[in-house]
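**Student:** Got a structure here, written out as structure tokens. Questions coming.
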Amino acid sequence: MSLIDIPFWQYITFEDVYRSSITHKDIAPLILKLKDEVGVINLAGDTDTVYNFVSKHQKIKRGTGKEVAPSLRINTQKLKGLLNE
């Protein structure tokens, strides 16, 4: 999971690094809804660049980072299936 605090504490975000980011505000209800489920459930948001995710919540500068930070995509099929029940 890529849990991101909003407001984002850095002043530049990567426009070329992908993550399945989610905020504390958005993950809390998921945890409560899924508390009785068993097994591994990846809690994450949709895959997007870090810049696109953060810029939905605040004004931020663009930067590049694929040389120093890998893109991480999380499989959320099980999560989506449980939420659509």
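Each reported figure results from applying straightforward, stated rules to the coordinates on display, with no laboratory input. Note that this is a predicted model, so its numbers are computed, not measured. Here Cβ is always computed from backbone atoms with ideal geometry, including for glycine, and neighbour counts include all displayed protein chains.
**Student:** Pick from Leu32, Leu43, Leu72: which residue has the top mean-square fluctuation in a GNM of the chain where Cα pairs under 10 Å get a spring?
**Tutor:** Looking only at Leu32, Leu43, Leu72, the largest GNM fluctuation is found for Leu32.
**Student:** Once you keep just the Cα pairs under 8 angstrom separated by 6 or more residues, what percentage relative contact order results for the chain? Show your work: numbers first, answer last.
**Tutor:** On the way: 128 pairs, mean separation 36.1, N = 85.
Taking the mean separation of contacting Cα pairs over the length of the chain, I get 42 percent.
**Student:** Something else about it: Just from its helices, what would the mean residue ellipticity at 222 nm be for the chain, if runs of 4 or more DSSP H residues each count -39500 (n - 2.57) and the sum is divided by every residue, rounded to the nearest 500 deg cm²/dmol?
**Tutor:** Result for the chain: -7500 deg cm²/dmol, rounded to the nearest 500.
**Student:** How do Phe14, Phe8, Phe53 line up, fewest other C-beta atoms within 10 Å first?
**Tutor:** Phe8, Phe14, Phe53
**Student:** Still on this structure, I have one more. Counting DSSP beta bridges in the chain, what percent are antiparallel, to the nearest 5?
**Tutor:** Once the DSSP bridges in the chain are tallied, antiparallel ones form about 25 percent.
**Student:** When N counts the residues of the chain, how does its alpha-carbon radius of gyration compare numerically with 2.2 N^0.38 Å, as a ratio?
**Tutor:** 1.17
**Student:** Follow-up. Using the alpha-carbon atoms, what tilt in degrees (0 to 90, nearest 10) does helix 24-34 show relative to the longest principal axis of the chain?
**Tutor:** With both axes taken from Cα atoms, the answer is about 20 degrees.
**Student:** Order these by the 10 Å Cβ neighbour count, fewest first: Tyr11, Tyr18.
**Tutor:** Tyr11, Tyr18
**Student:** Among the trypsin sites (Lys or Arg not before Pro) within the chain, which fall in a DSSP loop and have no more than 16 other Cβ atoms within 10 Å of their own Cβ?
**Tutor:** Counting only loop positions with at most 16 other Cβ atoms within 10 Å, the trypsin sites (Lys or Arg not before Pro) in the chain are Lys35, Lys56, Lys59, Lys66, Arg73.
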